[in-house]
Amino acid sequence: MKRITYMIAGMSLLAFTAEAQNSFSLNGKFSTLKEEMKVFLNYRLNDKRVEDSTLTKNGAFSFKGQIGTEPVKASLSLKPLNSDPSISFIERMLRTDEQDFFLEKGIITVKGISTAKTAIISGGKTQSEYLTLQARLKPETDQAAPLRAEMIPILVRTQGKGMDTIKRLQEIQQLMGPLSQKVDAKEQAFIKSHPDSYVSFDLVKERGSIIRPKTFEPLFNGLSDRLRNTVSGKAMAKKLDIVKKTAVGVKAMDFSQPDVNGKMVSLSSYKGKYVLLDFWASWCGPCRAENPNVLKAYNEFKDKNFDILAVSLDDKKENWLKAVKDDALPWTQVSDLMGWKNQAAGFYAITAIPQNFLIDPNGVIIASNLRGEELAKKLSQLIK
């Protein structure tokens, strides 16, 4: 009996020790903050979102909690106690005072003046590496900041967008393009020079939302064996393998799912035609914004041996059907109503939408992720 008691006590001690080893304490101070504000801490633990909050007192605040065995990307945001009702939800989102950082076991310190965005967050090894990366990106982020600030009122304005406003938005996007390319190049250089860093691992994961094997695989393979063999690393490797099986030049994997009337429709039934396999959902803003472009291409080529098979990642049929009606989508729609667990989405490693695959009459994938006018241009090259 004593032996069992000792064993239980020993197991409890080990569990307590492991928990203590993965605990963190975050202490912060905004030196010129005059009134109480809300501080939010967001991160993911075991694939679940964790949101903690507290109030400042004389500008000071603190959090305590647990993380897993690895550092995690987190965000710290500062918000007033009462939001201005005249400001729209979209504008509040765009103007959120927020900063990303790496949460890891031990003590994290936040030193700020009055905003979370400009605060200095210091902690362990991973956060130090993240600050190194941010310092390298500072020239580009400094140039991008006023452009982003100028875009906010344009994006939140839902009416009265004149041609001058739209033209300026396009000009800003063109100016942001070269900056984004420089940021990407610097991030890739960081990944190569820090193969065992969780910062590099996070950068590779970001590029894994829509994997392009030609650029993604070398970065992933350049990570250390330790990182590639983590649970997340193995998941990325599995996704990469699937994506390579659905790359341009590969025969498209067949599947069958029920249409809006419950009739089973298979991808193979479109053999002999050019078909766009389009993954989307009613709740996906970018998907809904892209639908008019897809509809335009469909109307131009529907009588020229071209068709569309759309797979919805909805889980509620009424939302799916309403979006189809509202967007006036005439092509065949299918879904197993399993959301992100949609079987076809799993076959094609879909973890972000919209995504699409253009398949030739022989069932071979010939292009992917055609956006805007790209679909019509590609079809005009193929269909004379």
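The values are calculated or read from the model by the stated rules, or taken from the named source; none is laboratory data. Only a predicted model underlies this, so the values are computations on that prediction, with no experimental measurement involved. When we count neighbours, we look across all protein chains shown, and the Cβ atoms used for this are built from the backbone with ideal geometry, even at glycine. Each accessible area value is taken on the protein alone, full model and side chains, heavy atoms only, with ligands, DNA and RNA left out. Shrake-Rupley method; radii C 1.70, N 1.55, O 1.52, S 1.80 Å.
Among the residues of region 314-333, the one identified as crowded, with 21+ Cβ neighbours inside 10 Å and in contact with a Lys or Arg (Cβ under 9 Å, 6 or more places away or on another chain) is 323. For region 25-40, name all the residues that are in a strand (DSSP E or B), buried (at least 17 other Cβ atoms within 10 Å of the Cβ) and touching a residue at least 60 places away in the same chain (Cβ under 8 Å). 26, 28, 29, 30, 39 - these are the residues of region 25-40 that are in a strand (DSSP E or B), buried (at least 17 other Cβ atoms within 10 Å of the Cβ) and touching a residue at least 60 places away in the same chain (Cβ under 8 Å).
For region 235-253, filtered to residues that are assigned to a loop (DSSP other than H, G, I, E, B) and either among the small types (Gly, Ala, Ser) or open to solvent by 30 Å² or more (accessible area, probe 1.4 Å) (or both), the residue that is farthest from residue 342 (Cα to Cα) is 249.
Close Cβ contacts (under 8 Å, 6 or more residues apart or on different chains) running from residues in region 171-184 that are touching a residue at least 24 places away in the same chain (Cβ under 8 Å) to residues that are polar (S, T, N, Q) and assigned to a helix (DSSP H, G or I) comprise 179/143; 183/141. Residues that are over 17 Å from the mean Cα position of the chain (by Cα) and within 18 Å of residue 348 (Cα to Cα) were ranked within region 189-214; the one that is surrounded by the most Cβ atoms within 10 Å (Cβ to Cβ) is 213.
Listed here are the residues, each with its yes/no results for (1) open to solvent by 20 Å² or more (accessible area, probe 1.4 Å); (2) of a type outside the set (Asp, Glu); (3) more than 15 Å from residue 30 (Cβ to Cβ); (4) in a strand (DSSP E or B).
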site	(1), (2), (3), (4)
54	yes, yes, no, yes
64	yes, yes, yes, yes
69	yes, yes, yes, no
78	no, yes, no, yes
83	yes, yes, yes, no
99	yes, yes, no, yes
102	no, yes, yes, yes
109	yes, yes, no, yes
131	yes, yes, yes, no
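Checked against the criteria, residue 256 does not count as at pLDDT 95 or above and open to solvent by less than 30 Å² (accessible area, probe 1.4 Å). Tell me, please, whether a residue that is under 30 Å from residue 134 (Cα atoms) and open to solvent by 30 Å² or more (accessible area, probe 1.4 Å) can be found in region 274-283. No, region 274-283 contains no residue that is under 30 Å from residue 134 (Cα atoms) and open to solvent by 30 Å² or more (accessible area, probe 1.4 Å). Quick check on region 85-97: of everything there that is surrounded by fewer than 16 Cβ atoms within 10 Å (Cβ to Cβ) and either in contact with a strand residue (DSSP E or B) (Cβ under 7 Å, 6 or more places away or on another chain) or of a type in the set (Gly, Ala, Ser) (or both), which residue is modelled with the highest pLDDT? Selected residue: 96. Here is a check on your reading of the model: is residue 148 part of a helix (DSSP H, G or I) and either over 23 Å from the mean Cα position of the chain (by Cα) or more than 24 Å from residue 185 (Cα to Cα) (or both)? So residue 148 does not fit the description; no. Among the numbered conditions (1) touching a residue at least 40 places away in the same chain (Cβ under 8 Å); (2) open to solvent by 80 Å² or more (accessible area, probe 1.4 Å); (3) closer than 23 Å to residue 368 by Cβ, the only one that residue 221 does not meet is (1). Regarding region 196-210, can at least one residue be identified that is closer than 29 Å to residue 306 by Cα and at pLDDT below 95? Yes, region 196-210 contains a residue that is closer than 29 Å to residue 306 by Cα and at pLDDT below 95. Considering (1) closer than 22 Å to residue 100 by Cβ; (2) free of Cβ contacts under 8 Å to residues at least 24 places away in the same chain, the lone condition that residue 209 does not fulfil carries the number (2).
Filtered by the rule that a residue be within 14 Å of residue 293 (Cβ to Cβ) and open to solvent by 20 Å² or more (accessible area, probe 1.4 Å), region 355-375 gives 369, 370, 371, 372, 373, 374.
In region 283-299, the residues that are within 12 Å of residue 327 (Cα to Cα) and among the basic types (Lys, Arg) reach residues that are open to solvent by 70 Å² or more (accessible area, probe 1.4 Å) and assigned to a helix (DSSP H, G or I) with C-beta atoms within less than 9 angstrom, at least six apart or across chains, in these pairs: 288/326. For the structure I just gave you, tell me whether residue 144 is open to solvent by less than 30 Å² (accessible area, probe 1.4 Å) and more than 29 Å from residue 58 (Cβ to Cβ). Yes: the conditions hold for residue 144.
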